[in-house]
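Asks: Take a look at this one; I'll ask things after.
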Amino acid sequence: MVQWAIAATWPFGQSAVRVGSRLLDQGMSGLDAVEQAIRAVELDPSVDSVGVGGVPNCEGEVQLDAALMRGQDLAVGAVAGVKGFPNPISIARLVLEKTPHHLLVGEGAERYADAYGLERGPLLTASSLETWRKRREKQAQAEDPSLGGGHDTVGVVALDMNGDIAAGTSTSGLALKLPGRVGDSPLVGSGFYADNAAGAAVGTGCGELIMRGCLSFAIVELMKGGASAQQACEEALNRLICRLEQCLPVRNATEDMTKMAVLAIDQKGNVGAAANHGEFDFAYQTARDRELRIIRARIIA
Ligand code: ASP
């Protein structure tokens, strides 16, 4: 029997890891654990970048992206630009299991969720609306068309007792994004990737940059080639930074729109993480060491 392990992006990923650990310890699949772990974060209104209470777009609407991947057979389920469903990760699960497709967007995804009776619910909270108003005012006063900060993703990677690997993501994307904008999080290979043959990876930060390097796929490929999860995160992120800095200031990022971070797990449950800024912490727990740890990612300088 394999010793399970699970990790999630950001300190708010603690609740995801707590839920996922309990399920993995009961012998449930990595896919179930990742879905349930992400649902816990989506339902927490105090997490202001995922699910209920997530950041609204420039029109004041919350549009959510989410994805799940099964490392056994590389099956993917993803949704983008979904409104009115607190748990887009469960729509992604339906896409993975019930459709011949991998990605459904907007109204099509919502209609599919309705057909399976998934719960609808409000996503805007008093606090997310207030933050949105302030951001809009600041943007108007500064005559600055740039997007607001305050975006994050819950990305979860897990190894279950059978040795199966899974990855998942969920986010409201960039604050004040254009309606219909889709980030890296529901794009296979960019925001997430999982392959039993090597491991899994997820990303968080500016999706427009992460997707240019197909970062999650790059990390898993490096692990396939023999790199550890830590080496693969550092190497893949560094390669992208080296390429992008020829045209953009992405090293030692201070601007929100140039920040990127990655998290990976290998077939033994070892994790790695890297960021181009000093603020990325992740939550991690294993069957071996039952303590939930918050770990700071290595900075690519
Ligand atoms: N990667 C997400 C997106 O671009 C946001 C984030 O993780 O900060 O939609």
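Asks: Could you identify the single residue in LEU215, LEU159, LEU187, LEU178 that is within 14 Å of the ligand (Cβ to nearest atom), open to solvent by less than 10 Å² (accessible area, probe 1.4 Å) and at pLDDT 95 or above?
Replies: Every option except LEU215 fails the conditions.
Asks: Please give the helices (runs of 4 or more DSSP H) falling wholly within the stretch 76-146 in which 3 or more residues are more than 20 Å from the chain's Cα centre (by Cα) and loosely packed, with under 12 Cβ neighbours inside 10 Å.
Replies: Output list reads 106-115, 126-141.
Asks: Let me ask something else about it. I'd like the full set of residues that are touching a residue at least 24 places away in the same chain (Cβ under 8 Å) and in a loop (DSSP other than H, G, I, E, B), limited to the stretch 270-289.
Replies: Across the stretch 270-289, the qualifying residues are ASN270, ASN276, HIS277, PHE280, ALA287, ARG288.
Asks: Related question: Here are the criteria: (1) more than 15 Å from the ligand (Cβ to nearest atom); (2) within 16 Å of ALA297 (Cβ to Cβ); (3) in contact (Cβ under 8 Å) with a residue 24 or more places away in the chain. Tell me which single one LYS259 does not satisfy.
Replies: Just one mismatch for LYS259, condition (1).
Asks: Please give the number of the condition MET1 fails out of (1) away from the ligand (no atom under 16 Å from the Cβ); (2) within 21 Å of GLY207 (Cβ to Cβ).
Replies: Status for MET1: all satisfied but (2).
Matching residues to (1) over 23 Å from SER172 (Cβ atoms); (2) in contact with a Pro (Cβ under 6 Å, 6 or more places away or on another chain); (3) surrounded by 19 or more Cβ atoms within 10 Å (Cβ to Cβ):
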{"residue": "ALA197", "(1), (2), (3)": "yes, no, no"}
{"residue": "GLY205", "(1), (2), (3)": "no, no, yes"}
{"residue": "GLU208", "(1), (2), (3)": "no, no, no"}
{"residue": "VAL220", "(1), (2), (3)": "yes, no, yes"}
{"residue": "GLY225", "(1), (2), (3)": "yes, no, no"}
{"residue": "SER228", "(1), (2), (3)": "yes, no, no"}
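Asks: With the structure loaded, tell me whether SER29 is touching a residue at least 40 places away in the same chain (Cβ under 8 Å) and surrounded by fewer than 20 Cβ atoms within 10 Å (Cβ to Cβ) or whether it fails that test.
Replies: Considered against the rule, which asks whether it is touching a residue at least 40 places away in the same chain (Cβ under 8 Å) and surrounded by fewer than 20 Cβ atoms within 10 Å (Cβ to Cβ), SER29 comes out as yes.
Asks: When you scan the stretch 33-52, do you find a residue that is touching an Asp or Glu at 6+ places or on another chain (Cβ under 9 Å), modelled with pLDDT of 95 or more, closer than 15 Å to ALA158 by Cα and open to solvent by less than 10 Å² (accessible area, probe 1.4 Å), even just one?
Replies: yes
Asks: Give me a count of the residues in the stretch 247-281 that are of a type in the set (Asp, Glu) and either in contact with an Asp or Glu (Cβ under 6 Å, 6 or more places away or on another chain) or modelled with pLDDT of 95 or more (or both).
Replies: So the answer is 2.
Asks: Restrict the check to the stretch 231-253 and report whether at least one residue is polar (S, T, N, Q) and buried (at least 19 other Cβ atoms within 10 Å of the Cβ).
Replies: Checking the stretch 231-253: not a single residue is polar (S, T, N, Q) and buried (at least 19 other Cβ atoms within 10 Å of the Cβ).
The values are calculated or read from the model by the stated rules, or taken from the named source; none is laboratory data. Small disclaimer: the values here were computed from a predicted structure and weren't measured. Glycine gets a Cβ as well: all are built from the backbone with ideal geometry, and neighbour counts include every protein chain shown. Note: accessible area is taken over every heavy atom of the protein model, side chains too, but ligands, DNA and RNA are not part of it. Shrake-Rupley method; radii C 1.70, N 1.55, O 1.52, S 1.80 Å.
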